[in-house]
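S.K.: First the structure, then my questions, so here it is.
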Amino acid sequence: MTPNILMIVTSNSRMGETGNPTGLWAEELAAPYYALVDAGAKVTLASTAGGPAPVDPGSIKPKGENDPVVERFLEDTVLQALVADTSKASDFDGAQFDAVFFPGGHGTMWDLPVDAGVTAAVERAFAANKLIASVCHGAAGLVTAKRPDGRPIVQDLRVNAFTNAEEVAVGLENVVPFMLETRLRELGGQFEGAANWQAFAIHDGR
């Protein structure tokens, strides 16, 4: 049976009131996407607004200078077409998928937490015992979702995301609408991190 994954990305292309460009981070879409499709999964790409999903220009170098997975993304007409015409997250019930996954990018901080379609997709997936995952700022898609009993879905679970220290290091602690690590902790998540920019992943339950 083919695993069916809903991947939700940001539709936000601007860094708050600064007006600076942002969006999804290319590698954080491409790496999990190819890991999944190469393993035989079907990936449905959605966003908060639908239509073209903005890619953070800071995440793409000139062709030939990127990591191999980003080079593959740049040459992949199928994935480029998916990014250029995403479905709306609100069009899907998260329970109809085997997993819901959130790529990162600073753009997520402005639209994922306030989008009712995102919240509903996560809540329904959680209630149906599906897998839920995120990378970096993608965890912004988890902060408003609640369990059937009303508790935050991250409460008492080990979680990770872009850390406060990393946000300070890139000078955006006063630009983002909230600090993601802080919010996850406030929601009862057992936040775990590593030194800045080091690979780090955790798994707790689903």
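The values are calculated or read from the model by the stated rules, or taken from the named source; none is laboratory data. Source: prediction; values computed, not measured. Using ideal geometry, Cβ is built from the backbone for each residue, glycine included, and neighbour counts are taken over all protein chains shown. We work out accessible area using only protein heavy atoms, side chains counted, and drop any ligands, DNA or RNA first. Shrake-Rupley method; radii C 1.70, N 1.55, O 1.52, S 1.80 Å.
S.K.: Since Lys42 meets every condition but one in (1) more than 17 Å from the chain's Cα centre (by Cα); (2) open to solvent by less than 60 Å² (accessible area, probe 1.4 Å); (3) at negative phi, which condition does it not meet?
M.R.: Unmet condition: (2).
S.K.: With the requirement that a residue be under 16 Å from Ala89 (Cα atoms) and either at pLDDT below 95 or of a type outside the set (A, V, I, L, M, F, W, C) (or both), what does the stretch 5-22 give you?
M.R.: Hits for the stretch 5-22 are Thr10, Ser11, Asn12.
S.K.: Just the residues that are surrounded by 24 or more Cβ atoms within 10 Å (Cβ to Cβ) and part of a helix (DSSP H, G or I), please, taken from the stretch 101-125.
M.R.: Across the stretch 101-125, the qualifying residues are Thr108, Met109, Leu112, Val118, Ala121, Val122, Ala125.
S.K.: While we're here: Only residues in the stretch 26-43 that are closer than 18 Å to Glu75 by Cα count as the first member; pair them with residues that are basic (Lys, Arg) and assigned to a helix (DSSP H, G or I), Cβ under 7 angstrom, at least 6 apart or cross-chain, and list the lot.
M.R.: Listed by first residue and then by second, the contacts come to Ala30/Arg72; Tyr34/Arg72.
S.K.: With the condition kept exactly as written, say whether any residue in the stretch 45-53 is open to solvent by 50 Å² or more (accessible area, probe 1.4 Å), touching a helix residue (DSSP H, G or I) at 6+ places or on another chain (Cβ under 7 Å) and at negative phi.
M.R.: yes
S.K.: Report, by residue number, each residue of the stretch 161-206 that is in a loop (DSSP other than H, G, I, E, B), free of Cβ contacts under 8 Å to residues at least 60 places away in the same chain and within 22 Å of Met15 (Cα to Cα).
M.R.: Listed by number, the residues that qualify are Ala161, Phe162, Thr163, Val170, Gly171, Glu173, Asn174, Met179, Asn196, Trp197.
S.K.: Also: Hey, among Ala165, Ala133, Ala169, Ala194, which residue is over 15 Å from Phe102 (Cβ atoms), of a type in the set (A, V, I, L, M), open to solvent by 20 Å² or more (accessible area, probe 1.4 Å) and touching a helix residue (DSSP H, G or I) at 6+ places or on another chain (Cβ under 9 Å)?
M.R.: The match here is Ala165.
S.K.: If you don't mind, there's one more thing I want to ask. Select from the stretch 136-158 the residues that are among the basic types (Lys, Arg) and open to solvent by 40 Å² or more (accessible area, probe 1.4 Å) and write down the one among them that is nearest to Pro177 (Cα to Cα).
M.R.: Lys146
S.K.: When the stretch 172-191 is examined, which residues are found to be in contact with a helix residue (DSSP H, G or I) (Cβ under 7 Å, 6 or more places away or on another chain) and among the charged types (D, E, K, R)?
M.R.: Answer for the stretch 172-191, where residues must be in contact with a helix residue (DSSP H, G or I) (Cβ under 7 Å, 6 or more places away or on another chain) and among the charged types (D, E, K, R): Glu173, Glu181.
S.K.: Could you pull out the residue among Gly58, Gly64 that is assigned to a loop (DSSP other than H, G, I, E, B), more than 16 Å from the chain's Cα centre (by Cα) and surrounded by fewer than 19 Cβ atoms within 10 Å (Cβ to Cβ)?
M.R.: Answer to the check: Gly64.
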